[in-house]
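What follows is a short report on a single structure.
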């Protein structure tokens with residue numbers, strides 16, 4: 001299908017755009033300070049046939065934390081409403097190049113979908129290769145979808161507390177070096193600055209080229225190793241709120257590393273919970 005088990009190129013998508021079993025999804029999401037409206041941008045121009053996956057709307061609405069994982073029934077309902085069936089090949093992209101698409105890729109993987117890919121370089125790569133855009137929304141018939149959550153792909157705050165005490169996993173943070181070191185304020189009110197004890201820092205941008213596509217395998221390997229990660233040992237990925245941590249998870253998958261989890265609450269939870277207040281390094 002492609003050289004990667006997780007990524008497809010814009011050229012591949014050009015060749016398979018009309019395939020009945022290829023379903024394209026715009027998974028764009030932005031931080032408030034980015035001043036971008038993902039839904040409006042989708043309506044103004046998206047890859048032809050793409051549906052919009054609303055990351056916030058399709059998250060756990062009962063949680064105080066942002067875009068936490070929904071339960072299997074809610075996710076199945078969301079996928080079915082977008083015309084996705086379990087046998088489809090799902091290709092996810094975002095308007096930034098690669099940011100939130102990896103989170104949605106990870107969600108589909110966690111709920112058991114095997115044929116799910118990220119468009120390498122996202123919408124900018126599609127445009128660079130001469131791809132056309134479609135305006136408005138796309139209406140699709142309801143499909144049938146079954147989801148089953150793999151709990152082994154998710155870490156919660158208690159898991160990470162245990163890791164900081166037992167040192168049986170490596171914790172890898174995708175945030176900027178300034179936020180990791182506590183030198184820059186967190187974007188969410190009430191969240192302390194800093195990082196978890198013994199955590200390593202690998203800003204997600206270091207896995208990407210200047211064009212926003214994934215680096216080669218040897219370059220990816222070097223990035224993880226230079227961040228202090230032993231790729232033969234378990235890893236928990238984390239970030240500000242569980243979005244860009246999935247880029248690290250995708251990078252690990254590209255290297256064949258399967259013994260990893262994503263901390264769903266990430267720093268939005270760790271820097272806010274009273275139970276973890278004594279486990280913040282800055």
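Every number in this text was worked out from the coordinates using simple rules, so none of it is lab data. Quick caveat: nothing in here was measured; it's all calculated off a predicted structure. Heads up, the Cβs are rebuilt from the backbone with ideal geometry, glycines too, and the neighbour counts pull from every protein chain shown.
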| said: Quick check on region 18-74: take the gyration tensor over C-alpha atoms, sort the square-rooted eigenvalues as a ≥ b ≥ c, and tell me if it's rounded (a/c under 1.5), prolate or oblate. | reply: oblate
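In percent, what relative contact order does region 1-145 have, based on Cα pairs under 8 Å that are 6 or more apart in sequence? Could you put the intermediate results ahead of the total?
On the way: 247 pairs, mean separation 51.1, N = 145.
Across region 1-145, relative contact order equals 35 percent.
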| message | I need two numbers for the chain: Rg to one decimal and Dmax as a whole number, Cα atoms only, in Å. | response | 18.1, 54
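Work out, in µm²/s and without decimals, the Stokes-Einstein translational diffusion coefficient of region 225-282 at 10 °C, 1.306 mPa s, Rh from Kirkwood over C-alpha pairs. Kindly include the intermediate steps, with their values, before the conclusion.
Details: Rh = 12.3 Å.
The estimated diffusion coefficient comes to 129 µm²/s.
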| field | Using alpha-carbon coordinates, inclination of helix 101-110 to the longest axis of the chain, degrees | value | 80
| note | Largest-first semi-axes in Å of the equivalent ellipsoid built from the Cα gyration tensor of region 175-222 are 26, 13, 7
| query | For q = 0.13, 0.15, 0.21 Å⁻¹, what log10 I(q)/I(0) does region 180-252 give under the Debye formula with an equal point scatterer on each alpha carbon and no solvent? | reply | -0.42, -0.55, -1.00
| note | For region 7-149, the convex hull over Cα atoms projects on average to an area in nm² of 8.1
| remark: Tilt, helix 157-166 to longest principal axis of the chain (alpha-carbon atoms), in degrees rounded to tens, equals 50
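Given a cut-off of under 8 Å on Cα pairs at least six residues apart, what relative contact order in percent is computed for region 31-77? It would help to have the intermediate numbers written out before the result.
On the way: 21 pairs, mean separation 10.4, N = 47.
Dividing the mean separation by the residue count of region 31-77 yields 22 percent.
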| Most to least packed among 189-200, 75-86 [average Cβ atoms within 10 Å] | 75-86, 189-200
| message | Which of 187, 141, 70 ends up with the largest GNM mean-square fluctuation for the chain, with Cα atoms connected below 10 Å? | response | 141
| task | Tell me the Kirkwood hydrodynamic radius of region 148-282 in angstroms, computed as one over the mean inverse distance between distinct C-alpha pairs. | result | 14.8
| Cα centroid separation, region 21-84 to region 110-172 (Å) | 11
| said: How tilted is helix 217-226 with respect to the longest principal axis of the chain? Cα atoms for both, answer in degrees (0 to 90, nearest 10). | reply: 20
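Between residue 43 and residue 232, 0.36 nm times their residue separation minus their Cα-Cα distance comes to what?
That works out to 63.7 nm of additional length.
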| request: Evaluate E = 1/(1 + (r/R0)^6) for residue 177 and residue 144, where r is the Cβ-Cβ distance and R0 equals 45 Å; express this FRET efficiency to the nearest 0.05. | output: 0.50
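Need the full-extension length gain, residue 198 to residue 63, defined as separation in residues times 0.36 nm minus the C-alpha distance. One decimal, nm. Intermediate results must be reported in sequence, preceding the final value.
Working: separation 135, 0.36 × 135 = 48.60 nm, distance 2.75 nm.
Once the chain is fully extended between residue 198 and residue 63, it gains 45.8 nm.
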| For region 65-197, convex hull of alpha carbons as volume per residue, Å³ | 164
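Which order do 26, 259 fall in if you start with the one that has the fewest other Cβ atoms within 10 Å? Don't skip to the answer; put the middle values down first.
On the way: 26 27, 259 12.
Going from sparsest to densest Cβ surroundings: 259, 26.
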| request: Would you kindly calculate the translational diffusion coefficient of region 62-105, applying Stokes-Einstein with the Kirkwood radius from alpha carbon pairs, for 25 °C and a viscosity of 0.890 mPa s, and quote it in µm² s⁻¹ without decimals? | output: 201
| message | Restricting to bridges with both residues inside region 7-149, how much of the DSSP beta-bridge set is antiparallel, in percent to the nearest 5? | response | 10
| query | DSSP beta bridges in region 152-276, what fraction antiparallel, as a percent rounded to 5? | reply | 10
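Tell me the relative contact order for region 152-276 as a rounded percent, counting alpha carbon contacts under 8 Å between residues six or more apart. Provide the component values of the computation, followed by the final result.
Details: 205 pairs, mean separation 41.0, N = 125.
After rounding, I find 33 percent.
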| request: Between 272, 29, 126, find the one with the highest GNM mean-square fluctuation for the chain; connect C-alpha pairs within less than 10 Å. | output: 272
